[in-house]
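Data block below; observations after.
Every number in this text was worked out from the coordinates using simple rules, so none of it is lab data. What you are looking at is a predicted structure, and each value in this text was computed from that prediction instead of being measured. All Cβ positions, glycine included, derive from the backbone under ideal geometry; neighbour counts span all protein chains shown.
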Protein chains: 4
Amino acid sequence: MLVVMKAQATPEEIQAVCDYIEALGYRAHPMPGAQRTAIGITGNQGEAERGSLEELSGVAEVIRVSKAYKLASRDVKEEDTVIRFAGTDAAIGGRALAIIAGPCSVESREQAFAIAEQVAASGAQFFRGGAYKPRTSPYAFQGLGIEALRILSEIRERLGLRIVTEALDNESLDLVAEYADVIQIGARNMQNFSLLKRAGKLRKPVLLKRGLSATLEEFLMAAEYIMSEGNYEVILCERGVRTFADHARNTLDLSIIPAIQKVSHLPILVDPSHGTGRRDNVLPMARAAIAVGADGILVEVHHQPDKALSDGPQSIYPAQFARMMDELEQIAPIVERSLSRGIQVTATASGTS
Amino acid sequence: MLVVMKAQATPEEIQAVCDYIEALGYRAHPMPGAQRTAIGITGNQGEAERGSLEELSGVAEVIRVSKAYKLASRDVKEEDTVIRFAGTDAAIGGRALAIIAGPCSVESREQAFAIAEQVAASGAQFFRGGAYKPRTSPYAFQGLGIEALRILSEIRERLGLRIVTEALDNESLDLVAEYADVIQIGARNMQNFSLLKRAGKLRKPVLLKRGLSATLEEFLMAAEYIMSEGNYEVILCERGVRTFADHARNTLDLSIIPAIQKVSHLPILVDPSHGTGRRDNVLPMARAAIAVGADGILVEVHHQPDKALSDGPQSIYPAQFARMMDELEQIAPIVERSLSRGIQVTATASGTS
Amino acid sequence: MLVVMKAQATPEEIQAVCDYIEALGYRAHPMPGAQRTAIGITGNQGEAERGSLEELSGVAEVIRVSKAYKLASRDVKEEDTVIRFAGTDAAIGGRALAIIAGPCSVESREQAFAIAEQVAASGAQFFRGGAYKPRTSPYAFQGLGIEALRILSEIRERLGLRIVTEALDNESLDLVAEYADVIQIGARNMQNFSLLKRAGKLRKPVLLKRGLSATLEEFLMAAEYIMSEGNYEVILCERGVRTFADHARNTLDLSIIPAIQKVSHLPILVDPSHGTGRRDNVLPMARAAIAVGADGILVEVHHQPDKALSDGPQSIYPAQFARMMDELEQIAPIVERSLSRGIQVTATASGTS
Amino acid sequence: MLVVMKAQATPEEIQAVCDYIEALGYRAHPMPGAQRTAIGITGNQGEAERGSLEELSGVAEVIRVSKAYKLASRDVKEEDTVIRFAGTDAAIGGRALAIIAGPCSVESREQAFAIAEQVAASGAQFFRGGAYKPRTSPYAFQGLGIEALRILSEIRERLGLRIVTEALDNESLDLVAEYADVIQIGARNMQNFSLLKRAGKLRKPVLLKRGLSATLEEFLMAAEYIMSEGNYEVILCERGVRTFADHARNTLDLSIIPAIQKVSHLPILVDPSHGTGRRDNVLPMARAAIAVGADGILVEVHHQPDKALSDGPQSIYPAQFARMMDELEQIAPIVERSLSRGIQVTATASGTS
């Protein structure tokens, strides 16, 4: 159920409704909107309390949310969710496209900085790089772990890039939450419900990748797991699904972008690197992703892809990334977006040079 | 095998090589290029004749084509195939995007003209409309047949639009070839090899749609069936493949566009109507298709989609089509394309005003 | 709609109802059952005539068939369809399992007879062998055509095996109908509606293979195309669908067998050869097919599979076929079936010994 | 790499080789076989040490394992793995089929006992029942947790059934390992590598379900994750993959059974309940699973499926389970298997009656 507050409801009235809901043993999720606040209720089974809720001060109406996903639904929050990062103008979900670039794995301080400097020079505001890698084989390179997190942290301090990196389990989740700006949960963990719930207890944005065979509803239900624990900053990411087609590593399903945007307020990015698995196709698919209306791109860049410890064949060169940025900048206004280049540190930030 | 002629080879030398190949019992497929002509050989099994071919006058070299598809391959013809239509500047495969628009089915003269006039006004150069419809149910509307072909023919004469319509079998193929400018072969017939071969004997361009579960190689092999009979004007069309995803009628696989363009010289279009099955998603996916680099769009437009006898839910309104044209026109230069509006009748055309 | 006749309705009454339906411009499909005859009506749009039909002599009731497939549905015909072959006790769809075995292609008289003699010796009652082959490549062996049909015909005469072979188009359909006992329509032609309708006008059983990405409903609708033209002897065949799985050529979907049997009265076979593409897996999957309840097996057997012109890797050896027959014979009674061995020529047959 | 010991190698020689390998910084995995012991080496990169290993006492040869999965491969262990349960004759992987039956979730002591008594009466030796449930929705019933584990434990004590139940994360893994006989890891966690590794450190058998879109290699690599940590008792389970087919909840891919058995020594079961999602199809698919050669069945049984808190529609009734056991018992000898009924408590067991 959803309690829609009146436009003029006071913070005290909103708090009183939340307290009332929690006292009933349910969970209240206040969702401020441009016009008015809505309060999602989870944990309740029936409709019994509708009447008493409607009588509380400041309440406009109580409505039933029919979809399986509630907090992720536009029924509960009509306006697009925009995720902001304190101290910078970087954002995910607004009119400005979010560009997240970097290597599959952090392999060394030199490698990470070499790539980070180049993607920053081309205007990326977010840097990606794996510290903990989910690998099909137990014998493959599994990431540098905490050492990589420290390198990433230094990149943020030195270059002003916001950091996106993946957490695999409880241990890495706590560390990633400490060091990164955005916690990535990978496709293979999209239905690792224990990890989702634990990420929901944190107060850091979570970038959730679509599972290899996840339906739209399952994808949003995974986001709902995070949100139901109180973390509403979820960024979705399409990265290709598994089909019979053999000309690409995965089949990038761009039609899910407008389909998601119709029913959910959450931002959604596209990963054309995993979505194709082939360097040649990354640029065309990145253009297509922005043209279809995605909120940004997550892309693998490597200065020496043939020496990469993972995903070399799908990593683009820094020069290709620069060209990609130029092309996306041209497409952006056609879909009423913009591509801001470089890092504009805002007044409240301190210390980054 | 492939015989590459010298740049300065004369038409007589080319003809002599073809005659020599045919005398051996094989089939010769001369493919003129910007620099020089290549001659594909099909029907041969081995390599025995390589030596004697290399000794013929005007021959530069004889090379083996290792791919399963030969005439469709860039090994045989490096330059993009551009299909031109006598009497107009309309083309498929060149720098100008090809826009094919119209209803799923021709339902009446009034309906067809109402839509044709509006898509022509927005700048489409090609009109589509089904005369023979492949329907899942034997009890569903199967098309107006010859009556529809006559209406389409009148649309060409009156509005100058080139006509694209589907052939289902031998009978309809002969009629469609008589009335239309481009013969469409649908996804369900992509491996109807008998129909492909027969279309290969005609001298009209064939628009071949990808089957619902066709791999890239199977798609090009289907084109090869047409080409092996001597008809080299094949236009490919991605229209979505069948997957588990349930948010769209099919999963539009845009990554096949750059993958095809890398290995084949044939033009490739995208059908965002069948590719999504939902009106809402047609515009975003049309933008994505052009951004990814497709040679054009095949799109269903209907002025009264809720009254359409087939595919109403995926047909866009004429006003949406006009907006789509505006958006595609803006994306075109980013991918080094252009969108020419309206019909420029060339000097050699007569009678259409 | 469906007219259910009273149990005691006379042939004249049934004929009168059919005549009445046809006079209305619709098509009548009388379906005799154990207890009473039902008459399917196709071609009608509405319900207007229900009242007058109910008043005709011998009519028990008129009911609406809600499924998209009507003549293929158990709503119209409750009892299993059993297809019998005059002059022998061979049948498809009854308690006795139907075993159809032979090479992918008829390659020569010697090859065909060598295999036919061995499968007959192991108890097969039906022989399969392609005369016209649908090949992905236009340059691959396309079958011996009419010459193969004559060899197959001779096998029937000499060995008493019933012949199953594929038709690809109108021309081959007429020839196959002339020479064979069962006309096969392949997976790639499952939605070649023109071919289906033409096969529906014949009076020979049609073995219809499931398309590579056909749903249950599409499969039955393809059967409905044949039946709507008056040919009710349709045999379905599951042969694997296309998925991401790469350990087999296709993914054999055995769960469609009970799902089809619940809603349709048509017999359904399984092809474990195309369903797996690997000789090793043919026997296990053949056992599974019978255990799940299929009406029989269509299997590729070759005495020299490494020399086969097509599908060698999935063809089993005659000795493996003999073992398969032993295993299926043991499984049969568990699912209330039997496996009759050899050819029992009935009294009305002549000349075969 | 793999060190094959001589047939007459002593335990001391085997231990010395293991010590030598560990001293090099690698991991040694001794795999006793009927004839001789092989020692898998994981963690090494190259071939440098081959020579010195070959010179150790008792070593027959050192061979390279070319497959990505090593410990799961028949290259390393040729004989089938049989997992035995102390104190009973129950086993998974041997000639006797393993039948694991019970409700999707443990809902109450009464419900669990009601079902357990009936499946035991029909001869099941293993009881399944979820204590921790991975649910698509955060608002759905998530299992009774520790309370369910205690009920399951009581069922083992009272009825002698071995217990199989799912672990979702580190916390539940430790508890499940404490209470259950077999730890299930579900399809959605098949590539939760952190959980797999942790399960690999335990010394309890792990039942690993195939992911919804896992290839054969990915499936075995997931098993390899468990084995690489020293737990070699892994039981695989096919439970259906996700495809376009809509007549079943999943598409049960039985052809993976013989394909796995060819390359791996691990036992493999089939779950016809999740594999079909429809009660009607469970029995036919269970028969097919045994006929294809699976080592057993994991099946959902509920005495009141319409009141089940999860998966009611796919749970069979106890009477259907009894009939299933009869049918499987008949099929077993055809594939050189047997179905032992009831619990034979061996001499070393105490207290269970």
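Data overview
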| quantity | calculated |
| --- | --- |
| Per-residue [θ]222 nm for chain B (sum of -39500 (n - 2.57) over DSSP H runs n ≥ 4, rounded to 500) | -10000 deg cm²/dmol |
| Inter-chain shielding of C:69-79 (mean C-beta neighbours from other protein chains, 10 Å cut-off) | 1 |
| Number of partner chain Cβ atoms within 10 Å, mean per residue of C:167-177 | 2 |
| ³J(HN,Hα) computed for each position of segment D:96-105 - Karplus, 6.51 cos²θ - 1.76 cosθ + 1.60, integer Hz, glycine/proline x | 7, 5, 9, 10, 10, 9, x, x, 4, 10 |
| Size of segment A:83-335 as Cα extents on the principal axes (Å, biggest first) | 41, 40, 40 |
| Principal-axis tilt of helix B:146-159 within chain B, Cα atoms, nearest 10 degrees | 90 degrees |
| Mean projected area (nm²) of the alpha-carbon convex hull when segment C:72-142 is viewed from all directions | 7.4 nm² |
| GluC sites (Glu not before Pro) restricted to segment C:242-350 and DSSP loop, no more than 15 other C-beta within 10 Å | C:GLU336 |
| Nearest beta-carbon to the D/A symmetry axis - residue in chain D, distance in Å | D:SER213, 2 |
| Around C:GLY143: net Lys/Arg minus Asp/Glu count, Cβ-Cβ under 15 Å | 0 |
| Rg to Rh quotient for segment B:142-221, alpha carbon positions, Kirkwood Rh | 1.00 |
| Average other protein chain Cβ within 10 Å of Cβ, residues D:117-124 | 0 |
| Where Cα atoms sit under 24 Å apart: lysine pairs in chain D separated by 8 or more or lying on different chains | 26 |
| Other-copy label distances relative to A:ALA34, 7 angstrom Cα-Cβ extension, nm | 4.9, 6.9, 7.5 |
| Label distances, nm, A:GLU117 versus same residue in remaining copies, Cβ-directed 7 Å point | 6.6, 7.7, 8.1 |
| Per residue convex hull volume, Cα atoms of segment C:1-153, in Å³ | 183 Å³ |
| Using a 7 Å Cα-to-Cβ projection, C:GLN304 label spacings across copies, nm, ascending | 5.7, 6.8, 6.9 |
| Relative contact order [Cα under 8 Å, 6+ residues apart], chain C, whole percent | 18 percent |
| Sorted by Cβ neighbour density within 10 Å, fewest at the top, the residues D:THR165, A:THR136 | A:THR136, D:THR165 |
| Placed amide H near C:HIS265: partners under 5 Å, 5+ positions off or other chain | C:ARG74 |
| Normalised per residue, the volume of the convex hull around the Cα set of the protein assembly as shown (Å³) | 218 Å³ |
| For segment A:1-55 and segment B:214-283, distance of Cα centres in Å | 49 Å |
| Cα-based radius of gyration of segment B:2-63 once divided by 2.2 N^0.38 Å, which approximates compact folds | 0.98 |
| Peptide ranges D:138-150, B:180-192 listed from the most packed, as the mean C-beta count within 10 angstrom indicates | B:180-192, D:138-150 |
| Sequence-distant residues sharing a close amide H with C:SER340 (under 5 Å, placed H) | C:LEU97 |
| Residue exposure sequence - A:CYS104, D:CYS18 - by fewest surrounding Cβ within 10 Å | D:CYS18, A:CYS104 |
| Distant-in-sequence amide H partners of B:THR88 (H built 1.01 Å from N, under 5 Å) | B:THR346 |
| GluC sites (Glu not before Pro) within segment C:34-95, DSSP loop, no more than 15 other Cβ atoms inside 10 Å | C:GLU47, C:GLU55, C:GLU78, C:GLU79 |
